[in-house]
Structures are given as structure tokens and as C-alpha cells.
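Notes to accompany the following structure.
The values are calculated or read from the model by the stated rules, or taken from the named source; none is laboratory data. Because the structure is predicted, anything quoted here is derived from the model rather than measured. Methodologically, a virtual Cβ is constructed for each residue, glycine included, from the backbone with ideal geometry; neighbour enumeration extends over all protein chains shown.
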Amino acid sequence: MPKMKRSRRGSKAFWPKKRAKRIYPGVKSYPAVERAKPLAFAAYKAGMLQAAIIDNRKGSPNFGQEIVVPVTVLDCPPMSVVGVRLYSLSPKGLTVLREVLADRKKPEASADKLDKIAAEKVSKISNVRLIIATQPKLAGFGKKKQDLLEVEVGGKGVNEKIDFAKEKLGKELTAGDVVQEGGYVDAIAITTGKGTIGPVKRFGIKIQNRHAKGKRRHTGTLGQERPGKVRPTVPQAGQMGFQRRTESNKRVLKIAEGKDITPKAGFNRYGIVRGTCVVIEGSVPGPKKRLIVLRQAMRATKPPAPVEVKEIIR
């Protein structure tokens with residue numbers, strides 16, 4: 001047996017490393033929440049700033065003192081609820097049972113239709129999700145095309161979820177309906193695309209010495225002679241970036257008006273945040289103008305606690 005000298009290059013948690021199917025992500029799972037509320041919201045990444053806050057982390061050497069932390073500003077124009085989708089649980093997973101779209105001219109007719117379907121098939125309904133559309137025209141850059149997302153509704157029972165969906169059908173959702181100051185969210189996004197990258201940067205392999213047949217930034221071997229194939233664990237050149245990633249437990253520092261946060265010259269390569277924005281501690285995946293999905297934290301380790309924000313340094 002050969003002697004094992006080191007662990008595998010790269011993490012198998014992020015495999016295969018290939019491009020995402022679309023430029024904005026979907027949400028695969030949601031936490032269990034007792035109160036009826038939407039469990040996700042979408043926002044556009046405007047840029048990063050710094051914030052002076054009072055450190056409220058118990059056990060920190062700076063507890064009770066003013067510290068400066070990096071923050072990400074997300075532009076959060078309201079999202080319109082264009083429909084409701086009802087799911088049933090089958091042996092193969094969730095299956096679409098029925099779907100009701102909002103009628104702008106007759107909003108009461110859509111609500112009555114949803115009530116009728118719910119009364120007929122209430123025993124089969126397991127999940128209720130809202131079909132929401134972004135409104136990029138209200139954001140700070142020039143995008144026109146809307147994006148459609150599905151957002152699950154939290155709650156104890158099916159009837160409570162349906163009542164909430166009926167109330168929101170044809171109306172708008174705001175960031176305050178999903179996130180709260182001092183709470184935690186999961187940031188889901190498509191990372192910045194870097195194109196085709198060599199194995200040194202992609203996997204962090206060792207650069208060969210000058211005797212390695214005229215090549216230095218390459219894999220020394222593609223594997224053993226038997227079996228006669230190249231295993232997928234061998235580091236090779238390929239796609240890097242533009243992949244779906246989730247960063248958990250990002251703390252929401254503040255929900256504010258964009259005019260109070262935006263620098264005088266606007267955010268570089270974005271513009272001016274006109275409406276509501278969410279200030280998140282730290283960074284989030286993706287470049288500027290990328291659509292970021294904020295989901296209710298799946299594995300929140302701490303309860304929500306308001307943070308005293310002294311100043312947003314612009």
C-alpha cells in the first residue's frame with residue numbers, strides 16, 4: 001500500500017465544479033417556522049461599506065466597545081406576488097397540485113378560486129409557496145427583465161398558510177416581511193464567474209520544479225496505470241466560479257432607507273439605492289448587481305439580538 005502523505009485536493013462538498021444553470025439561484029430547502037410568513041426574499045447586491053457598531057457578542061474581548069466591521073448593502077425593492085402554488089407530497093417528493101395566478105383586474109376572483117381549491121383538496125396539500133416577481137425598475141441600475149422565484153410560506157398548519165397566501169396574492173412583499181434587525185439569514189447566490197482556470201489556482205496544487213518537462217503549473221500525474229481511466233478526483237483545469245453557493249448565518253445589522261446609506265457619488269458600478277436596503281455584516285457571494293436570495297436561517301445558533309449601529313461609514 002502506498003503511504004498517504006496528504007488529504008484530497010479540494011473539497012468534495014463542492015462537486016462537480018460546473019457552471020450554474022441560471023444567473024439567480026433557487027432555494028432547495030426551508031426551515032420550520034411557526035408563524036405564517038414568507039421564508040425568503042431576493043435583493044440586489046449594491047456594494048460594500050464599513051459600519052461602526054457596539055460589539056454585543058458575549059465573551060468577545062471587545063464586548064461593549066465600538067468596533068468597525070465590513071458590511072454589504074443589498075438593494076431591496078418590493079417584490080410582487082403573482083401567484084400561489086400548492087404542493088402535495090408523493091413517493092417521489094413534492095408534486096405540483098394546483099396553481100392560482102393573480103388577476104389584476106379582479107383580485108377577489110383569484111382569492112375565491114384559491115379558497116375553492118383549498119376546500120376541495122385540503123387533505124392533499126402539504127406545502128404552500130408564493131410565486132413572486134422582482135421589480136428591477138425600482139432598483140438602482142438599468143435592468144428591465146423581471147425574475148420569477150418560488151418562496152415557501154411558513155406556519156403551523158395548511159389552513160394558516162393558505163390564509164396568508166390569499167391575503168398576499170396580488171400584493172407586494174417587502175424586506176421587513178422576511179428579515180429583522182439583529183436576526184440571521186442565509187445568503188444564497190451565484191458566485192463571480194472566472195472562466196477556465198488551471199489546476200494551481202483551482203485546487204491549490206504544488207507548482208512543479210524546473211525539471212518537470214518544461215511545465216510547472218500542471219498536475220504531475222493523472223493517476224495510476226490501473227484502472228485505465230482518469231478519476232474525477234484528479235485536479236485538472238476547468239470552470240471556476242459562477243456556481244451556486246450558500247453562506248449561512250449572516251447577521252442583519254440594519255434595515256434602512258437607501259438615501260441614508262448610499263455614498264454621495266453612488267455605489268461604484270451600481271448606482272444609487274432609491275428604496276429600502278438591508279445592511280448585512282460581512283460579505284455575500286456574487287458580484288455587484290447579482291440577485292441574492294436571503295432565506296430564513298436554517299441553522300441559527302443564536303437568537304435574534306438588535307445591534308446598535310453608530311454610523312455607516314460611506
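Filter the range 111-137 down to the residues that are aliphatic (A, V, I, L, M) and loosely packed, with under 14 Cβ neighbours inside 10 Å, then identify the one that is nearest to Lys156 (Cα to Cα).
Only one residue tops the list, namely Val122.
Of the numbered conditions (1) assigned by TED's automatic domain parsing to the domain that holds Pro306; (2) surrounded by 10 or more Cβ atoms within 10 Å (Cβ to Cβ), Trp15 satisfies every one except a single condition; which is it?
If we test Trp15 against (1) assigned by TED's automatic domain parsing to the domain that holds Pro306; (2) surrounded by 10 or more Cβ atoms within 10 Å (Cβ to Cβ), just (1) comes out false.
Show me the strands (runs of 3 or more DSSP E) entirely contained within the range 181-283 in which 2 or more residues are surrounded by fewer than 19 Cβ atoms within 10 Å (Cβ to Cβ).
By residue number, 195-197, 238-240, 244-257.
If you scan the range 138-149, which residues turn out to be surrounded by fewer than 19 Cβ atoms within 10 Å (Cβ to Cβ), aliphatic (A, V, I, L, M) and outside any helix (DSSP H, G or I)?
Applying the first criterion (surrounded by fewer than 19 Cβ atoms within 10 Å (Cβ to Cβ)) to the range 138-149 yields 138, 141-148.
Keeping just the survivors that are aliphatic (A, V, I, L, M) gives 138, 148.
Once the filter is applied, which keeps residues that are surrounded by fewer than 19 Cβ atoms within 10 Å (Cβ to Cβ), aliphatic (A, V, I, L, M) and outside any helix (DSSP H, G or I), the range 138-149 yields only Leu148.
Which residue out of Ser60, Ser123, Ser110 is in contact (Cβ under 8 Å) with a residue 24 or more places away in the chain, of a type in the set (S, T, N, Q) and out of contact with any Cys (no Cβ under 7 Å at 6 or more places or on another chain)? Steps first, please.
Values: Ser60 fails: in contact (Cβ under 8 Å) with a residue 24 or more places away in the chain; Ser123 fails: in contact (Cβ under 8 Å) with a residue 24 or more places away in the chain.
Unique residue meeting the criteria: Ser110.
Go through the range 194-241 residue by residue and tally those that are under 18 Å from Arg19 (Cβ atoms) and β-branched (Val, Ile, Thr).
Result for the range 194-241: 2.
For Val27, indicate whether it is at pLDDT 90 or above, surrounded by 14 or more Cβ atoms within 10 Å (Cβ to Cβ) and touching a helix residue (DSSP H, G or I) at 6+ places or on another chain (Cβ under 8 Å).
no
What is the one condition in (1) under 23 Å from Gly238 (Cβ atoms); (2) modelled with pLDDT of 90 or more; (3) out of contact with any Phe, Trp or Tyr (no Cβ under 6 Å at 6 or more places or on another chain) that Gly193 does not satisfy?
Only one criterion in (1) under 23 Å from Gly238 (Cβ atoms); (2) modelled with pLDDT of 90 or more; (3) out of contact with any Phe, Trp or Tyr (no Cβ under 6 Å at 6 or more places or on another chain) is unmet by Gly193, namely (3).
Regarding Arg85, is this residue in contact with a Leu (Cβ under 6 Å, 6 or more places away or on another chain) and assigned to a strand (DSSP E or B)? Don't jump to the end; show me each part of the working.
Working: in contact with a Leu (Cβ under 6 Å, 6 or more places away or on another chain): no; assigned to a strand (DSSP E or B): yes.
Judged against the criteria, Arg85 is not a match.
So, Gly176, is that one surrounded by fewer than 15 Cβ atoms within 10 Å (Cβ to Cβ) and without any contact (Cβ under 8 Å) to a residue 12 or more places away in the chain or not?
Here the answer is no, as Gly176 does not meet what is asked.
Filter the range 150-173 down to residues that are assigned to a helix (DSSP H, G or I), exposed (fewer than 14 other Cβ atoms within 10 Å of the Cβ) and of a type in the set (Lys, Arg), then give me how many there are.
Residues in the range 150-173 being assigned to a helix (DSSP H, G or I), exposed (fewer than 14 other Cβ atoms within 10 Å of the Cβ) and of a type in the set (Lys, Arg): 0 in total.
May I ask you to list the residues in the range 63-79 that are over 20 Å from Ala256 (Cα atoms) and in contact (Cβ under 8 Å) with a residue 60 or more places away in the chain?
The one that is over 20 Å from Ala256 (Cα atoms) and in contact (Cβ under 8 Å) with a residue 60 or more places away in the chain: Glu66.
Which residues, counting only those in the range 23-56, are touching a residue at least 24 places away in the same chain (Cβ under 8 Å), of a type in the set (D, E, K, R) and within 30 Å of Lys137 (Cα to Cα)?
Lys37, Lys45
From Phe203, Phe267, Phe242, grab the single residue that is under 15 Å from the mean Cα position of the chain (by Cα) and among the aromatic types (Phe, Trp, Tyr).
Testing whether each residue is under 15 Å from the mean Cα position of the chain (by Cα) and among the aromatic types (Phe, Trp, Tyr) leaves just Phe242.
Residue by residue, here is whether (1) in the same structural domain as Val69 (by TED's automatic domain parsing); (2) more than 30 Å from Leu173 (Cβ to Cβ); (3) touching a Lys or Arg at 6+ places or on another chain (Cβ under 7 Å) holds:
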residue: Pro227; (1), (2), (3): no, yes, no
residue: Ile261; (1), (2), (3): yes, no, no
residue: Gly271; (1), (2), (3): yes, no, no
residue: Gly275; (1), (2), (3): yes, no, no
residue: Val279; (1), (2), (3): yes, no, yes
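Being under 27 Å from Tyr44 (Cβ atoms) and either of a type in the set (Asp, Glu) or part of a strand (DSSP E or B) (or both) is the filter here, so list the residues in the range 65-82 that pass it.
Selection gives Val68, Val69, Pro70, Val71, Thr72, Val73, Leu74, Asp75, Met79, Ser80, Val81, Val82.
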